[in-house]
Structure formats: C-alpha cells, structure tokens
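Enquirer: Okay, handing you the structure first.
Rule-based calculations on the coordinates, nothing more; no lab input. Not measured: the values here are computed from a predicted model. Glycine gets a Cβ as well: all are built from the backbone with ideal geometry, and neighbour counts include every protein chain shown.
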Amino acid sequence: MKKIDSDTLLTLYESAFYVRTVEQIIADNYSKGLIRCPTHLSIGQEMVPALVSHFNNNNDLAVSTHRAHGHYLAKGGSLPLFFDELHGLKSGCSAGNGGSMHLNDKKVGFIGSTAIVANTIPVGVGLAQSLKIDGSNNFVYIFLGDGATEEGVFYESLHYAKLYSLPCLFIIENNEFSVYTPIQLRHSNELKDKVNGFGIQYVFNDNHNYRSLYGDFLKAIEYLRNGNGPFVFEVMTHRHREHCGPNYDDELGYREKEFLDKWESMDILDIFMKDMLLEGIKQVKISNSQNKIIERVTKAFEDSQNLANQIIPDPT
Amino acid sequence: MSLLVTQAINQALDEVLLSKDRSVCIGLGINDPKRIFNTTQNLVEKYGNTRVIEPPTSENALTGIAFGLCLRGYSVCLTHQRLDFSLLSFDQIINTISKWKFMFGEEKQELSCLIRMIVGRGWGQGPTHSQSYHSFLSSLPGLKVLYPFDSDSAYHSVKYGMNSGNPTVLIEHRWLHNSIGDLDKKTSKNKYISSLIKLAAGTSITIFTYGYMVPEAIKATEILKEYNISVDLFVAVDLSDFDLSPLLESLNKTNNITLIECYTLKCSIVNDISTKIITDKKTRLGIDSFNILALEQGHESTSFSKTKTRYNSYIEIVENTLRQLNKEQIYLKKSYYHDIPGEWFKGPF
Ligand SMILES: Cc1ncc(C[n+]2csc(CCOP(=O)(O)OP(=O)(O)O)c2C)c(N)n1
C-alpha cells in the first residue's frame, strides 16, 4: 500500500473536516427556517470527498445526486454560492432555483447534481464521451448511492461506457440504506459481480480504509487518463443523520444499534485524527487548521444567512 | 365518519387487500417507518410482504411488473412518493398500460392497475419534486386520471382504481393529505366518474376547479357569500372524462366564469374546457366575463422569494372574482409563509 506522507494526511483531514463543518453549520441552523428546501447532509460520508479533493483537477468533471454537498465542495465548488443556493437566494450557484439538491459550479468542473435517483449517471457518461472525442485525458466522476444502482439507467450507462471505453469513474457510496430501507431487502447479489459482468474494473472499499482507497485512486486515475475505459469504486460508508434533514432519526429503529456503533467507531474524522497524531503531526497544527476552516465556513454562512434574513424574517 | 385523506386512502387499500386475495400493493417506502405519509399504515402487518411489497428503486420496471400482475388478474396499486419519480416509468405507462387493451383488441379486459402519484409543493420542492403532469396524462386514451380533493373522493378513487378494470392514475396532492373530511361509503361508487360535482349553488359566477384548489375555492365561495356574491361551484375528480353540460348550463345563467387550474396553463385541463366553452356558440355569445387562474408557465424554483407568487389561494380567487364582477376589492391578509400548508407541515417533503 502506498505510504501517505504527513502533509497529505493533513490535507485529507482538512478536506473532510471542511465538509463536516459546512454540514454541521447547516444542521445547526436548519431549524431557524431560513434554509427552506429538502437538504441531504453528507455527515459521516466525508472520506470520498476528502480523496476527491486531494486528486482534484478542475478539468476533470463531476455529476452527482441529491446528496451532493460533499462532492461539490470536494471539487472546489464556491462556498458562498453554495450557501446562497441553500438559502434560495438569486446569488446562489443555481440562481436559487435548485436548492440543496441541484448544485453546480462549472468553473471547477462540477457540472450538476440532481434529485431524481440515477438521473445524472448517463449525463456523466455523455460528458465523458465528449472528453474522449475531444482527445482530452480528463475524466468524469459519477457519484451515486447504492439505491441508484437499482435503476435500469445505471446498467445502460455502464454498458455504454464500457462499449466506448469512456473515462468515467463511477463512485458508489454505499451507506447500506435507501431512505429507511436496508440493502438486504433490495439487493440479492453483490454489485461487484454485476460490474464485473460488464468487464469493468471494480474496487471495493470497506471500514473507511482511506489508505487503500488512496492507492485505488492513483491506479484508477492513471487508467482513466490513459483512455482504458470506465472504473467503478464501491465505497462502504455511513450517514450519521436522517436521510433528509438536520436531525438524527435513530429513535425510529430502522438501523440496528450494533450497526450504528460500528460506524460510530469508524468515523472518518476520528480515523484521520488518530493517524495524524501517530504520524507526529502536532495538535496545535491541527487546531490551527480547524480554526481556519471554522472561521471561513462561519463567515460565509453568516454572510449568506444575513442576506436570507432580509428576505425571510425570523419566524420567532 | 371523519378521516384524514391519508387515512381514507389507507382504509380503501386495506379493504381491497382484505376482500381480494389477488391484490398487491407496491411502492418505495410502503413498509418503512413513515409508510408513505401514513397511507400504508398496518398493511404489511395484516397482509404480509408478499402482497405489500417494498421494492428496489426501479420505477420503469416496477410499472411493467405491476401491469404484468394485472394481466394475470391481480389488482395492483403502485405508489410513487412524487409524481416526478414516476416520470421514469412513462414508457410503461404510455407505451404499455394505456394502450394494451386497444393494441390487442381486447377492450373488455379487466386491468385494475392503480398508480398513485403524489404531487409535492412548498418547502423548496423545486424543479424535481413538484411537477404535475396530470393534464397530459388525462389526454391518454385508455388511462383514467383521478384527482381527489378530499377524503371521500380519495377513498372512492382508490376503490375505483383497484376494482374497475381500468388502468388508473391517482393524483394525490401532498397538501391535501392532512385535510379532514367525512367518508360516505354508501354513495354510488362511481359518483366521481365521468361527471362534474356541484359543491355550491349560486347565480353571480360559475367557477370550475379540481384537486388542491377545491378547498381554496370552497373557502373563497364562503367569503364571497358575505359580499352577496354567490358562486355556482363545479369540481372534477375524473380528469379524463367529464360531461361539461352542467357547467355550460350554469354559465348560460351566470354569464361569468372562472376556470382554476392546478398547474401551468399550457396544454392543461382548463385550456381544454376553455376550448369546449368557446366552441359552444350559445354559451360563447352570452359570456360577460371569462377568467383563468393558473400557475405561471415555467419550472418551479426552490427559492422562497422566487415562489412567493407562484401558487393561487382563496385570496386570489376572491380578488379575481371581485375584479371580474367590477366590485370593490376587500383586504384579505396573506400568510407570510406561502410555502407551507399549515403548522402541521414541517418539511422537508
Ligand atoms: C427516481 C426516484 N425514485 C425515488 C426517489 C426518492 N428517493 C430519494 S433519495 C432515495 C434513496 C436513494 O438512495 P441512495 O441512492 O443509496 O442514496 P443515499 O440517499 O443513500 O445517499 C430515494 C428512493 C427519487 N428521488 N427519485
């Protein structure tokens, strides 16, 4: 396994912490009633964004789903425009029309996320085909959840991408639930077998093993840039909160306590933190990073919230 | 017996599952803790998960699968928590279900396939969670489109879809889910089919509407009454087919009409009715005023400020009617939060 140096480790942590901080501030403020759109948080699922952020190149493109905050931020999407979008402001990244579920920032290659499950998957394949025709060595991130692999269009897209050897990196973040329904009730065999059936490269990652995923990114990116065709990552991960909204909903009992405890003990921020300290990264250095991120996020959020406040007065 | 719309739907499904062994309900979320906004409460407990099915997210396949069951004599209810999700299944709805009987020359075949499509509104439902193509669907031969407005019509619509032998789409507006009303199980089971329902009698103006605008029109009618304006109020539940003659007769009496659309105007039910009115020469010649209320053409934004004037309510109906009849305007206070139907709705869906 490729060794990750301590500078890289710190950057990975910073990216994950950045996404967590953004999501946390949304969660903390949602009940004020100024963010008035369905909002799917990525808290707990920051590992993929951290790696995407590390390998980001603005000429690589990305499409995503209803749960896209982490992907948008990982691609370097504008933070003020993002917060404005959530607040339904005209200054938002989608002019306020899209809200949390419909984000874009073309400048950094984040082409769009939409809320119809599996909707952007073929769009990503089309983007990849355009890159191929152009003779570019860039590729397209196609983010999706395990639920989206149930739609026919996912398989049609895999088929097409393989047929034309298109540079698509399908990243399936498998949090084992589609809203409240566990994967065991929805799937009867492994995604691996289905993907392999298409003759497409497939990587499985479990237990938030970011080190091995790091190596897989290196391998896949080289493969994609060399025009070898599509690649699939299936990454097991965990959403901490309810499917949509700022709260915890574990009182509903649809996820076993054991399952929740397991993932609690594998929180990606804790994993990074433990490894950073083992690597000898100084606590003050980490705290400095954290503070800078918190400051930046808080400032952007407050600016946006103040604008929203002028339009939507506090209900209280 | 007073019930919420969601309870009325639940009851109708329960009765069908109980009375017909060969009936099945399928839908994402059907057995999850929220039970499709409570409409499928207790069904899996009573009838088991071979008949109350929590499926994978595969709308187009599910629609064909539901229909395949129907071809073998099953009554099937397939539910989409948003109409927007059913759009993935328009191949099966249009190319298969709507024309199966016709294609094979078997018009008498019994195919009780009910597709429930829930329409969202407010709290930033936006471009992919608030669409409502009921008008288009109602243009498809071979498909019945029912849009209930209260508990009774919701109950009877579900029953129709599961028993009539005609493939049926049920348009269920999210903002009606919590409205409460009486259930009259003894009414003729086809009371809502192919006919208009008259909800108020009046002489000043004729108003037509359907769906979630019905409660708004009722409220407007009550307010207008205080100002000596009486409304002849007609509503439709069956959007595929209704006899317009009571409306034309009413218009010949009042000479004033407002048609209220639940969605945008282009290719809508209301445009269809307008055409029928205009082509009826006797009615056309007698019209003093003709008005339409509809959503502005265009996709829906998630933005609070951008959606402020998108929807109409009883207030717009009252204002519009007063203007139409050259009466003095009255002041009605609008709720600041146009994007929630009431305190009960806390979002997100
Ligand atoms: C076509 C379609 N069907 C159903 C839905 C409702 N829905 C929204 S998110 C979701 C679950 C998706 O699960 P997954 O793809 O695993 O993503 P996750 O929410 O776990 O990130 C469903 C069923 C939808 N938005 N679009």
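Enquirer: For chain A, what does -39500 (n - 2.57) per DSSP helix run (n ≥ 4), summed and divided by total residues, give at 222 nm, in deg cm²/dmol to the nearest 500?
Expert: Details: 11 runs with 143 residues, N = 316.
Value at 222 nm, helices only: -14500 deg cm²/dmol.
Enquirer: For the range A:145-238, what class follows from the C-alpha gyration tensor (a ≥ b ≥ c being the square roots of its eigenvalues): rounded when a/c is under 1.5, otherwise prolate if a/b is larger than b/c, else oblate? List each step's numbers first, then the result.
Expert: Values: a/c = 2.39, a/b = 1.27, b/c = 1.88.
Note, shape of the range A:145-238 comes out oblate.
Enquirer: In the neighborhood of residue B:300, defined by Cβ-to-Cβ distances under 15 Å, what is the net charge if each Lys or Arg adds +1 and each Asp or Glu adds -1? Working shown, then result.
Expert: Details: positive: A:36, B:82, B:121, B:174, B:266, B:306, B:308, B:310; negative: B:84, B:261, B:296, B:339.
Around residue B:300, the surrounding residues sum to +4.
Enquirer: Can you tell me which lysines have their Cα less than 20 Å from the Cα of residue B:327? Leave out same-chain residues fewer than eight positions away.
Expert: B:219, B:225, B:253
Enquirer: Now a separate question. Can you give the relative contact order of the range B:2-182 as a percent, counting alpha carbon pairs under 8 Å and 6+ residues apart? Could you put the intermediate results ahead of the total?
Expert: Numbers: 344 pairs, mean separation 50.8, N = 181.
Relative contact order for the range B:2-182 comes out at 28 percent.
Enquirer: Taking the range A:191-265, which GluC sites (Glu not before Pro) meet the DSSP loop condition and have no more than 15 other C-beta atoms within 10 Å?
Expert: Values: sites: A:222, A:234, A:242, A:251, A:256, A:258, A:264; in loops: A:242, A:256.
Hits after loop and neighbour filter: A:256.
Enquirer: Quick check on my link table: of A:106/A:299; B:99/B:191; B:144/B:189; A:90/B:306; A:32/A:299; A:32/A:257, which ones sit more than 20 Å apart, alpha carbon to alpha carbon?
Expert: Details: A:106/A:299 23 Å; B:99/B:191 25 Å; B:144/B:189 15 Å; A:90/B:306 8 Å; A:32/A:299 18 Å; A:32/A:257 30 Å.
Flagged as over cut-off: A:106/A:299; B:99/B:191; A:32/A:257.
Enquirer: I would also like to ask the following. Assuming 0.36 nm per residue, please report the length gained on full extension of the stretch residue B:249 to residue B:297 beyond their Cα-Cα distance.
Expert: Details: separation 48, 0.36 × 48 = 17.28 nm, distance 3.05 nm.
Here the segment from residue B:249 to residue B:297 would lengthen by 14.2 nm.
Enquirer: What average number of partner chain Cβ atoms lie no more than 10 Å from the Cβ of the residues making up A:173-180? It would help to have the intermediate numbers written out before the result.
Expert: On the way: counts 0, 0, 0, 0, 1, 6, 7, 7.
Taking the mean over all residues of the peptide, I get 3.
Enquirer: What is the Cα centroid distance between the range A:283-316 and the range B:17-73, reported in whole angstrom?
Expert: 45
Enquirer: Please give me, ordered by residue number, the GluC sites (Glu not before Pro) of the range B:46-143 that lie in loop per DSSP and have at most 16 other Cβ atoms within 10 Å. Working shown, then result.
Expert: Numbers: sites: B:59, B:106, B:107, B:110; in loops: B:106, B:107, B:110.
Those that pass, being in a loop and sparsely packed, are B:106, B:107, B:110.
Enquirer: Let me ask something else. If the only charges are +1 at each Lys and Arg Cβ and -1 at each Asp and Glu Cβ, what is the size of the charge dipole of the protein assembly as shown around the Cα centre, to the nearest 20 debye? Before the final figure, lay out the partial values.
Expert: On the way: 66 positive and 75 negative charges, 221 e Å.
Computed about the Cα centre, the dipole is about 1060 debye.
Enquirer: With a sphere of radius 13 Å drawn around the Cβ of residue B:32, what net charge do the other residues whose Cβ falls strictly inside it have (Lys, Arg +1; Asp, Glu -1)?
Expert: Values: positive: A:186, A:255, B:34, B:35; negative: A:242, A:249, B:54.
Summing Lys/Arg as +1 and Asp/Glu as -1 gives +1.
Enquirer: Oh, and also: At 222 nm, what value in deg cm²/dmol follows for chain B if DSSP H runs of at least 4 each add -39500 (n - 2.57) and the sum is divided by all its residues, to the nearest 500?
Expert: Numbers: 13 runs with 115 residues, N = 349.
So the calculated ellipticity at 222 nm is -9000 deg cm²/dmol.
Enquirer: Give me the distance between the Cα centres of the range A:108-149 and the range B:127-147, rounded to whole Å.
Expert: Comparing the Cα centres of the range A:108-149 and the range B:127-147, I get a distance of 30 Å.
Enquirer: Going Cα to Cα from residue B:46, which lysines come in below 18 Å? Please leave out same-chain ones fewer than 8 positions away.
Expert: B:20, B:34
Enquirer: Further question on the same structure: Peptide A:26-38: average number of partner chain Cβ atoms within 10 Å per residue?
Expert: Working: counts 0, 0, 0, 0, 2, 1, 0, 7, 1, 4, 12, 12, 11.
Taking the mean over all residues of the peptide, I get 4.
Enquirer: Taking the Cβ-Cβ separation of residue A:193 and residue A:274 as r and a Förster radius of 45 Å, what is the calculated FRET efficiency to the nearest 0.05?
Expert: On the way: r = 34 Å, r/R0 = 0.76.
After rounding, the FRET efficiency stands at 0.85.
Enquirer: Separate question: Need one value for A:146-156: mean number of C-beta atoms belonging to other chains within 10 Å of its residues' C-beta atoms.
Expert: Numbers: counts 1, 3, 1, 2, 8, 7, 5, 3, 2, 0, 0.
For peptide A:146-156, the averaged partner shielding equals 3.
Enquirer: Only Cα pairs under 8 Å and at least 6 apart count here; give the relative contact order of chain A as a rounded whole percent. It would help to have the intermediate numbers written out before the result.
Expert: Values: 566 pairs, mean separation 73.1, N = 316.
About 23 percent, as a whole number.
Enquirer: What size of dipole, in debye to the nearest 20, comes out for chain A about its Cα centre when the only charges are +1 on Lys and Arg C-beta atoms and -1 on Asp and Glu C-beta atoms? Display every interim value, and only then the final one.
Expert: Working: 29 positive and 39 negative charges, 166 e Å.
For chain A, the charge dipole is close to 800 debye.
Enquirer: Still on this model: Hey, got a sec? Which chymotrypsin sites (Phe, Trp or Tyr not before Pro) in the range B:221-266 land in a DSSP loop and have at most 15 other Cβ atoms within 10 Å? Could the numbers behind the result be given before it?
Expert: On the way: sites: B:227, B:234, B:242, B:263; in loops: B:227, B:242.
When the chymotrypsin sites (Phe, Trp or Tyr not before Pro) of the range B:221-266 are filtered for loop state and at most 15 Cβ neighbours within 10 Å, B:227 remain.
Enquirer: Mean separation of Cα pairs under 8 Å and 6+ residues apart, divided by the residue count of chain B: what relative contact order is that in percent? If you can, show how the numbers build up before the last one.
Expert: Details: 673 pairs, mean separation 55.9, N = 349.
Relative contact order, chain B: 16 percent.
Enquirer: With a/c under 1.5 counting as rounded, go ahead and sort the range B:2-182 into rounded, prolate or oblate using the C-alpha gyration tensor (a ≥ b ≥ c being the square roots of the eigenvalues; past the cut-off, prolate if a/b is larger than b/c, else oblate). Spell out each step's value before the answer.
Expert: Details: a/c = 1.42, a/b = 1.16, b/c = 1.22.
The shape class here is rounded.
Enquirer: So which residue, out of A:46, A:85, A:279, gets the largest mean-square fluctuation from a GNM of chain A using Cα contacts under 10 Å as springs?
Expert: Fluctuation is largest for A:279.
Enquirer: Now, a different point. When we measure straight from the Cα of residue A:262, which lysines land under 24 angstrom away, once same-chain ones fewer than 8 places off are left out?
Expert: A:192, A:274
Enquirer: Which of B:140, B:161, A:269 sits farthest toward the positive end of the charge dipole of the protein assembly as shown, with +1 on the Cβ of Lys and Arg and -1 on the Cβ of Asp and Glu?
Expert: It is B:140.
Enquirer: Can you bin the range A:6-308 into rounded, prolate or oblate? Criterion: square roots of the alpha carbon gyration tensor eigenvalues sorted a ≥ b ≥ c, rounded for a/c under 1.5, prolate for a/b above b/c, oblate for the rest.
Expert: On the way: a/c = 1.31, a/b = 1.25, b/c = 1.04.
Since a/c stays below 1.5, the shape of the range A:6-308 is classed as rounded.
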